[in-house]
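Step one of this worksheet: look at the structure below.
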Amino acid sequence: MAFSNLFRKKTVHDILKQVDKNESDGHHVLGKHLNARDLTAFGIAAIVGAGIFSTIGKASADGGPAVIFLFLFTAIACSFAAFAYAEFASMVPVSGSAYTYSYVAFGEIIAWIIGWALIMEYAIGNITVAISWSDYFTGLLESGGIKLPQWIQMDYLTASNGFKDATALMHGGKSFENLSAGLQASYTAWTTSPVIGSFHFVADLPALLIIVLITALVYRGMKESRNASNLMVVIKLCIVLLVIAVGVFYVNTDNWHPFAPNGVSGVLKGVSAVFFAYIGFDAISTTAEECKNPQRDLPRGMMWAIIICTLLYIAIALVLTGMVSYNELSVGDPLAFVFDKLHIGWMSGIIGVSAVIAMASVLLVFQMGQPRIWMSMSRDGLLPKRFSTVHPKFKTPSFATIVTGFVVAVPALFLNLTMVTDLCSIGTLFAFVLVCAGVLVLQNKKDIPRGKFKTPYVNSKYVIPFLLIIALVFAFKYNNKATMAFLTNEKQISSPSVIVTSLNKDKSKEVYEFIAQNYGDKKIASEDLEQVLSSFSQDDVLYKTVVDSLPIDISLKYESGFSLFKHKIPMWIFLIVMIGLTVWSNRSNLSLIPLLGLICCLYMMAELSVWNWIYFTIWLLIGLLIYFSFSRKNSKLNLQKI
């Protein structure tokens, strides 16, 4: 098959003609029930969830009150991407989101890649939300006196890894009571679970329960999903506003000093956590076919959802960091935590109920988005025909909805929350990058039918080089030490927890005795090796002296060479692409807004670990295997040619 056929494109004209034909035939038609208000509600339902109830705590602990600037940066980045989504949604008002847009802009192989990547956003994203929902739900049951065994409320990987870390730390002298709550739960789940041979049965059953319920609701129909979503959004917003209204009276402005305790690097630490809080606004674009007036309402729905959620996030972040010190917020349930801390117990119960509702509404929107992307891919022949089956009574993609339920439910029983969160983020950011690039590719083509919405044009020819120069000045003048460490691949000293968890019981004992013998004058008051090392880490010079003298292998003391460089590969990819984009913008007078969207999203991808990039690449290779074995020859464009 010719290489050029991999990039065969669908035209906007043909897509719109097919939609009209489907409507006149009465086949494969989805019910049109949504207006701008419904779309805004769906956007808020998708966005306000795990972010505001969970990840905002860790981000605030890393960045302090200045985390509000990270929320602003992420909102601006998402807004740039939303402009690109809105322009495509107005131009091609059909289900399929970034998948359909890429088919028009780049061609079939890129469309397949993005459709495959979107599974990571919706399906894997839903696994993340289901696990978070399970945590809040079991916490709510516990507050009501119902305690489920740990092994039926935790995934297998968390229990297995937590058991190993807890064992290593206890070998280092830490008592079980002094382990973090998460490690205690993991250790308990692993040691109390039923064992079949050598296999420990640990599975997150509440996560399975909510996925089954939500899948059943989505299967029933868009009108039912819309009504449930709107109700959950009203409840959720009322609770969030109540938290702000009550919390503002307990704000102590002294807690806002220092405003950025860990500097810019501390604020940027929370990039993936904060970005995850915004994932979902693009799910609105999958419902284009079910909108009464998609060209007008989709752009409005996206923008209003992002604006409302950003204001809520900033208000919540300021209230949280004002109520207690930022360094106490690294917890899984920060909203409930701050009210407990200030002895306002009645609010904690309300927040627990609210979180359960919030997570359920996010699940609803994501579980609705995935089947519609599969339906679009099936209509194009890239997936089997059954995926485009529309239920005759409920007017929903019935088969695709059931498959989505299985794809989300089974991994949710066993997968680790951190892994699926990062995979979800990288898949989504990749989709955003391609959608922004798609608008840039099509911007100067005259034969493309345009929708009612068009991204405002600002020439980036001189703006991007100017921004690049400012970034270089900042890096070398104000952040010189970190910049030179990055460029020279300077070795990095291991943290106390990394050192301790890499030692066996005998080695931990030997290291502790060595420190007690050689540094006894430092008043070592604990038998906990991690705590002892952490007490030295307050002074960088002393910590380096102690670590250098420890009787352990150098590879445990420092990370250097390729093992350190590999973590910098994503950022090097970003820097190289940035040079290419600067040249492209100079030659082609690219539109500034989608270009900034592309740069911001690619930067956030570069902030994710190299392992996420590796897992994501493996995922894409599996997708390409399916494309070349089935989709390429069954594509409607290929069959038309034959």
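Structure summary
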quantity	calculated
Enumerated helices (runs of 4 or more DSSP H) restricted to the range 64-138, each holding at least 2 residues that are in contact with a Gly (Cβ under 6 Å, 6 or more places away or on another chain) and surrounded by 24 or more Cβ atoms within 10 Å (Cβ to Cβ)	67-91, 98-105
Yes/no for G369 being within 17 Å of G427 (Cβ to Cβ), touching a residue at least 24 places away in the same chain (Cβ under 8 Å) and among the small types (G, A, S)	yes
Within the range 353-366, tally of residues that are more than 14 Å from I52 (Cβ to Cβ) and in contact with a Phe, Trp or Tyr (Cβ under 8 Å, 6 or more places away or on another chain)	4
Single condition K507 does not satisfy, out of (1) basic (K, R); (2) closer than 30 Å to Q295 by Cα; (3) open to solvent by less than 70 Å² (accessible area, probe 1.4 Å)	(2)
Those residues of the range 101-121 which are more than 21 Å from the chain's Cα centre (by Cα) and at pLDDT below 75, in sequence order	Y101
Qualifying residue in the range 346-362 (condition: polar (S, T, N, Q), surrounded by fewer than 24 Cβ atoms within 10 Å (Cβ to Cβ) and more than 30 Å from A245 (Cβ to Cβ))	no
Qualifying residue in the range 318-327 (condition: buried (at least 23 other Cβ atoms within 10 Å of the Cβ), touching a helix residue (DSSP H, G or I) at 6+ places or on another chain (Cβ under 6 Å) and small (G, A, S))	no
The lone exception for L382 - which of (1) surrounded by 21 or more Cβ atoms within 10 Å (Cβ to Cβ); (2) in a helix (DSSP H, G or I) it fails	(2)
In the range 462-476, the residues that are surrounded by fewer than 13 Cβ atoms within 10 Å (Cβ to Cβ) and either under 19 Å from V577 (Cβ atoms) or modelled with pLDDT under 85 (or both)	F466, I469, I470, A471, L472
Residue among Y543, Y558 that is within 18 Å of Q492 (Cα to Cα) and without any contact (Cβ under 8 Å) to a residue 60 or more places away in the chain	Y543
Conditions (1) among the hydroxyl-bearing types (S, T, Y); (2) buried (at least 23 other Cβ atoms within 10 Å of the Cβ); (3) under 30 Å from M571 (Cα atoms): number failed by T310	(2)
Pairs with Cβ under 6 Å, 6+ apart, first in the range 489-501 and more than 17 Å from L183 (Cβ to Cβ), second outside any helix (DSSP H, G or I)	K491/Y558; K491/S560; Q492/E559; I493/Y558
Matching helices (runs of 4 or more DSSP H) fully within the range 561-642 where at least 3 residues are hydrophobic (A, V, I, L, M, F, W, C)	561-565, 569-588, 592-606, 610-626
Where N416 falls short, out of the listed (1) more than 22 Å from Y99 (Cβ to Cβ); (2) in contact with a Gly (Cβ under 6 Å, 6 or more places away or on another chain)	(2)
Residue in the range 178-195 that is modelled with pLDDT of 80 or more, assigned to a strand (DSSP E or B) and either closer than 24 Å to A355 by Cα or open to solvent by 40 Å² or more (accessible area, probe 1.4 Å) (or both) present	yes
The range 462-475 - residue that is over 15 Å from I599 (Cβ atoms) and not aliphatic (A, V, I, L, M) and, of those, nearest to the chain's Cα centre (by Cα)	F474
Matching option when the condition is at negative phi and either modelled with pLDDT under 80 or touching a Gly at 6+ places or on another chain (Cβ under 8 Å) (or both), among I493, I524, I515, I499	I524
Residue in the range 385-434 that is modelled with the highest pLDDT, counting only those that are buried (at least 24 other Cβ atoms within 10 Å of the Cβ) and either in contact with a His (Cβ under 6 Å, 6 or more places away or on another chain) or not in a helix (DSSP H, G or I) (or both)	P397
Criterion violated by N255 - all others in (1) more than 18 Å from F53 (Cα to Cα); (2) modelled with pLDDT of 85 or more; (3) crowded, with 24+ Cβ neighbours inside 10 Å satisfied	(3)
Failed item, numbered, when V610 is tested on (1) hydrophobic (A, V, I, L, M, F, W, C); (2) more than 17 Å from T428 (Cα to Cα); (3) open to solvent by less than 60 Å² (accessible area, probe 1.4 Å)	(2)
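The values are calculated or read from the model by the stated rules, or taken from the named source; none is laboratory data. Everything quoted here is computed from the prediction, not taken from an experiment. So basically every Cβ, Gly included, is an ideal-geometry build from the backbone, and we count neighbours across all protein chains shown. Areas reflect the complete protein model, heavy atoms only, side chains present, ligands, DNA and RNA absent. Shrake-Rupley method; radii C 1.70, N 1.55, O 1.52, S 1.80 Å.
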